[in-house]
Each structure stands twice: as C-alpha cells, then as structure tokens.
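Note sheet for the following structure.
The values are calculated or read from the model by the stated rules, or taken from the named source; none is laboratory data. Since the structure is predicted, the reported quantities are computational estimates derived from the model, not experimental observations. As a convention, Cβ positions derive from the backbone with ideal geometry for all residues, glycine included, and neighbour counts pool all protein chains shown.
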Amino acid sequence: MGTIIRLQRKFNLPLLTFYGVGNILGAGIYVLVGKVAAASGESVLLAFLLASGIAALSAFSYMELTDRFPASAGAAVYVHHAYKKRPLTLFVGFCMILSAIISSAALARGFAGYFEQIIHAPITLVAVLVIIAMSAVAMWGIDATAKLAALFTVIEISGLIAIIWFGRSLIQASGNQPTLFSMSDFGIGGVLMGAFLAFYAFIGFEDMVNVSEEVKNPKKTMPRAILLSLIISTVLYVLVVVVATRAVPVDQLSKSDSPLALVFGAVSSINPIVLVFIGLAATINGILVQITMASRMLYGMSNKGWINRNLSKINVKTKTPIIAIVIVTLIMLISVTIFNLVSLARLTSLLVLIVFVLVNSSLLIVKRTHPKQRPHSHVPTWVPALGASTSLMLIIWQVYSTIR
C-alpha cells in the first residue's frame, strides 16, 4: 500500500487572518466601489453597511460550523451533515466552486482595469495572463501561496490606510453631516441593489474554511481568524467609502475602472499611480486565494468520495492538488472571456447568497439534532435564522429587480 500524501498544516492565526483579510479586500473594495456608487448614488455607505450586516450573520454561523466540522469543502460538508442529501451537498459544493471561479474572473478584469492605467493592452488578454500566473503560484505549494497572499495583503491594506490617512479630514467632517446615512434619489431600491453588489466585497471569509485541513488547531484558529478578518475588513471599508464619497463626485466614481486610484489622487499630492500598483496587488491576491479555495473545494469533495477520486490526488513534490487546480484554471479562463465585471460580481454574489441560505439553515438543523453539543464558537439560534432570512431577502430582491 502506498504512502498517503496529506495537505500540510501551515496556517497559524496571524497567517490565516492575513489570508482571510486579503481575500475579502481583494474581492471588492479596489474593484467595485465605483459600481456600487452607480447603483446606490449617495447611499453607498448604507449599501456597504447593509451588506456587512448580512455577511456578518453568516460569518458567525460559519464560525460555529467550522468548529464542529473542521474539514476542506466546508460549506458542502456542513450541508451534508445537516440534510444528508448527496444531490444537495454536490449542489452547494459546485455553487462554491463556481462562485470562486467567477469571482476570480471578475478580479482578473479588475486587475486589467488598473493595469490599463500603466500600459494599454487588451483587457481580456491581461486577465487571462494573470490567471495563468496565479494558478502557477497555487500549484507551487500552500506555504508559498500563504506567504505571498500575506505580502499582498500588507500591500493592499497599506493602500487603504493611505487613503484613510490623507482623507482623515473628510472623515472628521463627515461626523457632523447628517447626509452621511441619508437616502439618495435612488431610494431603498438603490440601496438594496448597491448592497447586492457591495456584498461581493465582503465574501471571502467563507473561503477560509476550505483550507481547514491546512490550519494548525483549526477548531480554535479558524473561528477567531474569520471574526478578525471580517472586523478588520469592515472597519477599513467604512472609512474608505466615507473618504471616497466625500472626495470624488459619485458620477465620476461610478465611471472609473480604477476608482481608488481616482480617490487617492483627489485626497493627496502623491502620484495616484502608487494606488494603481497597490490595486494590482490587491486583485492578484484575490485571484490567488480564489484559485486556492476552488481547488481545495474540489479536493475536499473528491476526498469524501462525492466526485471523482482523481481530483483529490496530491502532488508528491508540491503537496498541492494539481489536477484540481488545472481544472479550476481552465474554467476561469473561459469565464473571463465571456462576462463583464458587473455581471461576474452579481453572479458571484447570487451563488454565495444561495449557499449562505443553506449553510445557515444547516446550522439550525444541526443545533436541533445535536442539542447537547456546544462548541467553543457557539452562537444563539436567532443568528443562523436571521442569516438565512436576510440572505434570502437579498436574493429575492435581485431576482425581482432583474425580471421587472
């Protein structure tokens, strides 16, 4: 019998938190703040806060579930334990894989938008090349992936902090402006539409659970890292959104393909090209993490015997599931040539919200069927109930807005 090759446990709390923050930040604020402005007008901050609240409810559910079931293919595993229906398990698993693939395609197009500020090149070509490059890094090994992701995270956080620092006077002045939380001419419909897009900026914590088998002491480390990642990201988002909406007219912000570079140029005397390079690092980071997440999801489902066993094969040298990474990369390359940025973001949000409804309901079932089990990251029953309800509300609104 051959030796079983396993994934390596390389993530500690700081590294996993950087991994999570990098994924959340790279997945939204550098790419979509302008698009949210286009949907919500002056109510951008309200849209982000609503999206944050909905995401936080599901994050708490994920914290308890990852404590109970610390395994790769997280969401699929949770639904499997609750519903014990293989078709539903596969549906959730493939929703998460598809959301990661589509998200990476969106980020690759976001990368191309920032890259265009330096060199004019076909957006699709640039997007394709960056996906190929990041898939090569993902194949190299989780240690290299985690450390590179941590480096990019430091860079992208520094960019947001720079915007906050140079725009601090705008933040202070906003405290006395009642219009900060007021509705724009777009009304509640605009806030909900903006929240649906802004929700894309908060996804990423659910990807963290897919590296559970590569985390040291996952039952304690993973829930703490999820909470820290979401808190750090939300605080940075709120401050940056306040600066952005006060520094640049909403109509200009909504038309920019590199919105934070535009904001940075408005609040500082430093050449905004600095923010362009930071935006490139942020989107690269998001792509790398999404490739890792999707491949680990395939690996986890294969390892459970739910799909072809070949997808769980680990390369002897790199200790990574190379076959799974190759398949994920190929589908990403197809996606990036078909959809535009907003369509990719909307589809990603829709898929993740569907999964959140099922994950929250799974926690409700698990709590009912195992009432005596109280993990360290226990949350009240109303949390998954409200998490499922609000996620479903956002789905219904998006579908209604699309067909009306």
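Residue-by-condition table, conditions (1) farther than 27 Å from Ile396 by Cα; (2) among the small types (Gly, Ala, Ser); (3) modelled with pLDDT of 85 or more:
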position: Thr292; (1), (2), (3): yes, no, no
position: Leu298; (1), (2), (3): yes, no, yes
position: Thr320; (1), (2), (3): yes, no, no
position: Val326; (1), (2), (3): yes, no, yes
position: Leu330; (1), (2), (3): yes, no, yes
position: Val342; (1), (2), (3): no, no, no
position: Leu350; (1), (2), (3): no, no, yes
position: Ser361; (1), (2), (3): no, yes, yes
> Considering only the range 191-217, how many residues are in contact with a Lys or Arg (Cβ under 8 Å, 6 or more places away or on another chain) and among the β-branched types (Val, Ile, Thr)?
Replying inline: 2
> Restricting the range 313-338 to residues that are among the hydrophobic types (A, V, I, L, M, F, W, C) and not in a helix (DSSP H, G or I), which is farthest from the chain's Cα centre (by Cα)?
Replying inline: Val316
> In the range 200-224, how many are among the hydrophobic types (A, V, I, L, M, F, W, C), assigned to a helix (DSSP H, G or I) and at pLDDT below 85?
Replying inline: 4
>> Considering only residues that are under 19 Å from Phe277 (Cα atoms), touching a residue at least 12 places away in the same chain (Cβ under 8 Å), not in a helix (DSSP H, G or I) and not charged (D, E, K, R), which ones fall in the range 115-149?
In response: Gln117, Ile118
>> Whether any residue in the range 300-309 is of a type in the set (A, V, I, L, M), in a helix (DSSP H, G or I) and under 20 Å from Ile331 (Cβ atoms) is what I want to check.
In response: yes
>> Just to be sure before I move on: is Val336 of a type outside the set (Phe, Trp, Tyr), modelled with pLDDT of 90 or more and either in contact with a Ser or Thr (Cβ under 7 Å, 6 or more places away or on another chain) or crowded, with 22+ Cβ neighbours inside 10 Å (or both) in the structure I sent?
In response: no
> Which of the residues spanning the range 58-79 are more than 22 Å from Thr292 (Cβ to Cβ), modelled with pLDDT under 90 and surrounded by 23 or more Cβ atoms within 10 Å (Cβ to Cβ)?
Replying inline: none
>> Being among the hydroxyl-bearing types (Ser, Thr, Tyr) and closer than 30 Å to Leu32 by Cβ narrows it down to one residue among Ser312, Ser349, Ser302; which is it?
In response: Ser349
> Mind checking which residues of the range 245-297 are over 18 Å from Arg168 (Cβ atoms) and among the charged types (D, E, K, R)?
Replying inline: Asp251, Lys255, Asp257, Arg296
> Ile270 is checked against (1) aliphatic (A, V, I, L, M); (2) assigned to a helix (DSSP H, G or I); (3) at pLDDT 85 or above; (4) more than 22 Å from Glu64 (Cα to Cα) and fails just one. What number does that condition carry?
Replying inline: (2)
> Hey, any hits in the range 283-297 for a residue that's within 23 Å of the chain's Cα centre (by Cα) and more than 29 Å from Ser233 (Cα to Cα)?
Replying inline: no
>> Please determine whether any residue of the range 110-130 is within 16 Å of the chain's Cα centre (by Cα), modelled with pLDDT under 90 and crowded, with 19+ Cβ neighbours inside 10 Å.
In response: yes
> Pick from the range 339-387 the residues that are free of Cβ contacts under 8 Å to residues at least 12 places away in the same chain and assigned to a loop (DSSP other than H, G, I, E, B): which of them is surrounded by the fewest Cβ atoms within 10 Å (Cβ to Cβ)?
Replying inline: Lys372
> Given the residues Ala82, Ala55, which is the only one that is outside any loop (DSSP other than H, G, I, E, B), crowded, with 24+ Cβ neighbours inside 10 Å and modelled with pLDDT of 90 or more?
Replying inline: Ala55
>> All but one of (1) over 21 Å from Ile163 (Cβ atoms); (2) among the hydrophobic types (A, V, I, L, M, F, W, C); (3) buried (at least 21 other Cβ atoms within 10 Å of the Cβ); (4) at pLDDT 85 or above hold for Leu227; state the number of the condition that does not hold.
In response: (3)
